[in-house]
1. Can you give me the number of residues within the range 64-97 that are within 28 Å of LEU28 (Cβ to Cβ), within 14 Å of the chain's Cα centre (by Cα) and in a loop (DSSP other than H, G, I, E, B)?
2. Checking GLU173 against (1) of a type outside the set (Lys, Arg); (2) assigned to a helix (DSSP H, G or I); (3) closer than 16 Å to GLN82 by Cα, which test does it fail?
3. Give the residues of the range 112-123 that are surrounded by fewer than 19 Cβ atoms within 10 Å (Cβ to Cβ) and either within 22 Å of the chain's Cα centre (by Cα) or basic (Lys, Arg) (or both), sorted by residue number.
4. Quick check on the range 137-150. Is at least one of its residues of a type outside the set (Phe, Trp, Tyr), without any contact (Cβ under 8 Å) to a residue 40 or more places away in the chain, buried (at least 18 other Cβ atoms within 10 Å of the Cβ) and in contact with a Gly (Cβ under 6 Å, 6 or more places away or on another chain)?
5. Does the range 68-100 hold any residues that are touching a strand residue (DSSP E or B) at 6+ places or on another chain (Cβ under 6 Å) and of a type in the set (Gly, Ala, Ser), and which are they?
6. So, in the range 3-28, exactly how many residues are at pLDDT 90 or above and at positive phi?
7. Would you call PHE81 among the aromatic types (Phe, Trp, Tyr), surrounded by 23 or more Cβ atoms within 10 Å (Cβ to Cβ) and touching a helix residue (DSSP H, G or I) at 6+ places or on another chain (Cβ under 8 Å)?
Amino acid sequence: MSVRRRTSGTESPAARIRGLRKAFGERLVFDGLDLDVARGERVAVLGASGCGKSTLLRCIAGLERSDAGTIATAGEIGVMFQEPRLFPWLDVACNVGFPARDDAERARVPSVLALVGLAHAARRLPKELSGGMAQRAALARALVRDPHLLLLDEPFAALDALRRIELRAAVHEILTLTRASAILVTHDVDDALAIADRVIVLAGSPAEVAFTGNVGETATRSAILDALGVIENGGHARVRGRT
């Protein structure tokens, strides 16, 4: 069984994973995975569908129980999913404030709504929001506890191209302002390059870290695509070995 603990102190990383093992029946997803995320660092995790990216986030968040290993996190965790998952009967402000545990956190609702650009929509119901606005509300909800570590599970996948660019820029700005650490799971290399300081590619079964590098240094677009086994030619991409 895995061991989970919260750490304190400025020297401890935002997240430290050692020997993570997770299986679903006979399918072994991880078998001894190690990963560190430094304080204030933004890490993007890429890999083929089904390689375990979302499972990794769920284990870190405590939403999925791992079978072995240790997961240590420093401070509060916020989670933003691919879908907004807003309660349809609650307005935006109430949805954002739902995870708040005390008056101090509830008092943060107006400020986080302003931070994500939704102060004007506080009393709207989810059905009155565009897709981009609903995701901004989900982001505000993830921020209401002032997390030290923000987990982002494909948060832009359901948006059209323009809304995707807008929300990606907003997330980058918010992470810069709050100085929160972040782990972003994505299939999109552009998302990773726009938000992350470091990129990790998971591959294999069970999944292992096949590539890691700093954005702008070793983690270039071509290096990431190569690690993913993707060949890009004239704006078209294909998986290596497939025609």
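The values are calculated or read from the model by the stated rules, or taken from the named source; none is laboratory data. This is a predicted model, so every value here is computed, not measured. All Cβ positions, glycine included, derive from the backbone under ideal geometry; neighbour counts span all protein chains shown.
1. 3
2. (3)
3. ALA114, GLY117, ARG123
4. Checked against the condition, which is being of a type outside the set (Phe, Trp, Tyr), without any contact (Cβ under 8 Å) to a residue 40 or more places away in the chain, buried (at least 18 other Cβ atoms within 10 Å of the Cβ) and in contact with a Gly (Cβ under 6 Å, 6 or more places away or on another chain), the range 137-150 yields no hits at all.
5. Within the range 68-100, ALA68, GLY69, ALA72, ALA74, GLY78 qualify.
6. Result for the range 3-28: 2.
7. no
So that you can scan it fast, the table gives a plain yes or no per residue for (1) under 21 Å from VAL43 (Cα atoms); (2) part of a helix (DSSP H, G or I); (3) modelled with pLDDT of 95 or more:
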{"residue": "ARG101", "(1), (2), (3)": "no, no, no"}
{"residue": "GLU105", "(1), (2), (3)": "no, yes, no"}
{"residue": "LYS127", "(1), (2), (3)": "no, yes, yes"}
{"residue": "ALA137", "(1), (2), (3)": "no, yes, yes"}
{"residue": "PRO147", "(1), (2), (3)": "yes, no, no"}
{"residue": "PRO155", "(1), (2), (3)": "yes, no, no"}
{"residue": "LEU162", "(1), (2), (3)": "no, yes, no"}
{"residue": "ILE165", "(1), (2), (3)": "yes, yes, no"}
{"residue": "LEU177", "(1), (2), (3)": "yes, yes, no"}
